[in-house]
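Worksheet for the structure shown next.
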Amino acid sequence: MLLVREFADRPRHGGRARSRPLPVLLFTGPRGSGKTAFLAALAHRLERHVPHAHLDCDGLGSIRDTLSSIAYELNRTDAGHDRIAFPRFITGQIVAEQDLDGTDPALARAQAEQALAEHRGGDRLRNFLAQLAPDASGEHRTAAGHHVPDLLLRGLVSWRRGRRVLLGEGQDWFGHQDRGLTRDPLDVLTDLNRRAREPEDSDGASEAGELLWAAFLADLRENFDRGNRGARRPLNCVVLLDNVDSPAAKMLLDGLVQARRQYAAHVPDGSDPLTLVATSRGKRSGAVIASGESAPMRELDEFDLTRDEPYYSDYAEQGQKPWYPVRLRDLALDEIANMVDELGRYAGNQKRRVSDTVFRFTRGHPGSTRHVLDAIQAHAADPIDLRDLLPPAELGAAQQDPAIAVHGPVARFLAGTPGEAVNDLITCSAARTQDEAERLVARSELVAARGGRSVFAPELWVPDDGVDNVLPPVLRRLLLRELAARAPEDAADWTKVHTWLSQDHAENGDEVGELYHALAAGEVEFVARRLAALLPYSDLTIWLDMLAGSTAAPNRLDHDDAQLDLVRSLTDWTHPGSVPLAPVARLVAALWIDADPLGDGRRHSLYLEIAACYDEIAPFSGSGLATLRAESEKYRRWSELTD
């Protein structure tokens, strides 16, 4: 909220509020990350205070229709301001709507001039505006409705000039366009008509959209920066656009960026009083980052808020690029704990266990967290078992039988993804990163790749610490459940996929990747023997990193068994007196079980076992004795919190 407030601010210079260069604020996150809720909360705060428009870009129409909707919404807001007039934009819309002669330029000019003359009368103009006005469903009217058009009509009427409609000023603008041009306005308008009425010509439609954006922004500058109005408008008007990953939304936003560039090329630091906030699932934000036309991706709460203007200063220091992408952060553990508090069912260690269980599974993904907490609230049993709260692993079957409904968080993530891509995604979920998944698709014979590019759609893979893209943790865990449910005779079952990935990493010299996927495939002995052999001779920091990286592997263990029974069954090949191999093996098994977010949340005994294993292997670690004793103590403290 603070970030948007700062980019909407019009700093005062010489006693007047003034506009300044602005980017498109592009908030990004996977489905369910709270983008729509974020815009809704913004709209609520802006209501009755700032002229604003709020549109969902799914099913977006032409730039002309969208700008008409925005113009109406900006005038609909009761923000205590004068109405915002759009004489230039409406002039362009009037001519764009006419059926002008396409063969005789002189006749087309005369027809455009006649149409503008006829619309200078109040009734004709009001009827035209009624046809452009969006109704409650977002569609545009086909019959006159006077109450909405009056909002714009009052802004177009000059009381100082005897209630004359100011379309003449709007017509003149198309000649110079605030860029020092010397073109004939009617020539420009008839060309606009030709381009706007040929939607199949994408280049022409783009150019028409850019010109209408330029007219729209010029009208805003006129309303905000001239006369006494500027002093009364300390904030820009704000446009909120949800779901801007579609081609139509791309054209809309590209038109805005290009119109701003052309104006700034003629007017140094040229600006307009429009703050545009958009949300993307990743496709649009990924494209603008790849193009180099944006600042680096920022987290929403990255900045030190005690600094003066931290967000705008960052934008300026990055060269005032046209896009400013911001990733909506996930919920922190403490925030989830507060949400658990709202359930009113848990206290003390039990509340901490529930919060930790939810956080382990969702990793703070807002939509999935809300889904799980709602399921917990409706579930009578305590303690909770997330496996009981999630739908069965049936996604793969649902791709073959549309009658099978898929519910829960996975449905939210995969909405609109082709069925063949979902099957490939299930296979690719074994990979830790997109790079691994792409190698799996390209080099193995395990992925049918019928999903094509949809498998690696930007909205499905999110940046992870700036190193590589990964599947959102919740989505990956749910897809892994589907992979685990595949039968052994399947061409790409759990064991085959993880074994291939382990061998691929071994061939590329990635020991952690090799051990990670070997453990996922159930090779506890292989992993334990490798780590036990390395313990006496490795730098302990590196060894602990290998241990953590390996045991983060997913599993398909039977969690109906008690955790310590699982540890024993996984390590029954060891001799109890074999040290450090036996305690290393138990440590690997216990940490692997602990890493599973869908395992038993009651981990008191498991943590005591982990602590004991660290104590047993400590004497074999050379100078790392104190470090392993500290690890042991850490898990003993954690065991007290889960008792």
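The values are calculated or read from the model by the stated rules, or taken from the named source; none is laboratory data. Bear in mind that the values here come from a model prediction, so they are computed numbers and not experimental data. Positions of Cβ are generated from backbone atoms using ideal geometry, with glycine treated the same way; all protein chains shown enter the neighbour counts.
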**Report entry** Residue match in the range 79-88 (condition: assigned to a helix (DSSP H, G or I) and modelled with pLDDT under 75)
**Finding:** no
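Looking only at the range 261-284, how many residues end up being touching a Phe, Trp or Tyr at 6+ places or on another chain (Cβ under 8 Å) and part of a helix (DSSP H, G or I)? Outline the logic, then answer.
First pass over the range 261-284, keeping only residues touching a Phe, Trp or Tyr at 6+ places or on another chain (Cβ under 8 Å): 270, 272-273, 275, 277-280, 282.
After this cut, where a residue has to be part of a helix (DSSP H, G or I) as well, the list is none.
So the count comes out to 0.
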Query raised in the report: Out of the range 624-637, which residues are in contact (Cβ under 8 Å) with a residue 60 or more places away in the chain and surrounded by fewer than 19 Cβ atoms within 10 Å (Cβ to Cβ)?
Result: 627
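For every residue, the table says whether it meets (1) more than 23 Å from the chain's Cα centre (by Cα); (2) among the charged types (D, E, K, R); (3) under 27 Å from residue 261 (Cβ atoms).
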position: 14; (1), (2), (3): yes, no, no
position: 31; (1), (2), (3): no, yes, no
position: 50; (1), (2), (3): yes, no, yes
position: 64; (1), (2), (3): yes, yes, yes
position: 109; (1), (2), (3): yes, yes, no
Query raised in the report: How many residues are at pLDDT 95 or above, buried (at least 21 other Cβ atoms within 10 Å of the Cβ) and under 18 Å from residue 608 (Cα atoms) when one looks only at the range 548-565?
Result: 1
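Can we say residue 21 is out of contact with any strand residue (DSSP E or B) (no Cβ under 9 Å at 6 or more places or on another chain) and surrounded by 15 or more Cβ atoms within 10 Å (Cβ to Cβ)? If you could, list the steps in order and put the result at the bottom.
Numbers: out of contact with any strand residue (DSSP E or B) (no Cβ under 9 Å at 6 or more places or on another chain): yes; surrounded by 15 or more Cβ atoms within 10 Å (Cβ to Cβ): yes.
So residue 21 passes the test.
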Requested in this report: Just one of (1) assigned to a loop (DSSP other than H, G, I, E, B); (2) at pLDDT below 95 trips up residue 536, so point out which.
Outcome: (1)
Query raised in the report: Looking at 39, 3, 26, which is the one that is touching a Lys or Arg at 6+ places or on another chain (Cβ under 9 Å), within 30 Å of residue 476 (Cβ to Cβ) and part of a helix (DSSP H, G or I)?
Result: 3
Query raised in the report: Across the range 606-623, which residue is nearest to residue 591 (Cα to Cα) among those that are more than 43 Å from the chain's Cα centre (by Cα) and surrounded by 19 or more Cβ atoms within 10 Å (Cβ to Cβ)?
Result: 617
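Residue 294: in contact with a Lys or Arg (Cβ under 7 Å, 6 or more places away or on another chain), touching a residue at least 12 places away in the same chain (Cβ under 8 Å) and not assigned by TED's automatic domain parsing to the domain that holds residue 460, yes or no? Spell out the reasoning first.
On the way: in contact with a Lys or Arg (Cβ under 7 Å, 6 or more places away or on another chain): yes; touching a residue at least 12 places away in the same chain (Cβ under 8 Å): yes; not assigned by TED's automatic domain parsing to the domain that holds residue 460: yes.
Yes, satisfied.
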Query raised in the report: Based on what the data block shows, is residue 87 without any contact (Cβ under 8 Å) to a residue 40 or more places away in the chain and either more than 21 Å from the chain's Cα centre (by Cα) or surrounded by 18 or more Cβ atoms within 10 Å (Cβ to Cβ) (or both)?
Result: no
Query raised in the report: What pairs come up if the first residue lies in the range 575-586 and is within 10 Å of residue 535 (Cβ to Cβ), the second is in a loop (DSSP other than H, G, I, E, B), and their beta carbons are under 8 Å apart, counting only those six or more places apart or on different chains?
Result: 581/574
Query raised in the report: When you scan the range 412-511 for helices (runs of 4 or more DSSP H) that lie fully inside it, which ones turn up with 2 or more residues that are in contact with a strand residue (DSSP E or B) (Cβ under 7 Å, 6 or more places away or on another chain)?
Result: 434-443
Report summary line: Just one listed residue, out of 64, 48, is under 29 Å from residue 194 (Cα atoms) and either among the aromatic types (Phe, Trp, Tyr) or in the same structural domain as residue 271 (by TED's automatic domain parsing) (or both), and it is 64
Requested in this report: Select the helices (runs of 4 or more DSSP H) contained entirely in the range 295-408, then report the ones holding at least 2 residues which are surrounded by fewer than 16 Cβ atoms within 10 Å (Cβ to Cβ) and at pLDDT 80 or above.
Outcome: 310-317, 333-343, 366-378
**Report entry** Residues within the range 59-73 that are among the hydrophobic types (A, V, I, L, M, F, W, C) and not in a helix (DSSP H, G or I), tallied
**Finding:** 1
Requested in this report: Being over 25 Å from the mean Cα position of the chain (by Cα) and of a type in the set (D, E, K, R) is the filter; apply it to the range 229-259 and report the residue that is surrounded by the fewest Cβ atoms within 10 Å (Cβ to Cβ).
Outcome: 232
**Report entry** Flag for residue 434 being surrounded by fewer than 18 Cβ atoms within 10 Å (Cβ to Cβ) and polar (S, T, N, Q)
**Finding:** no
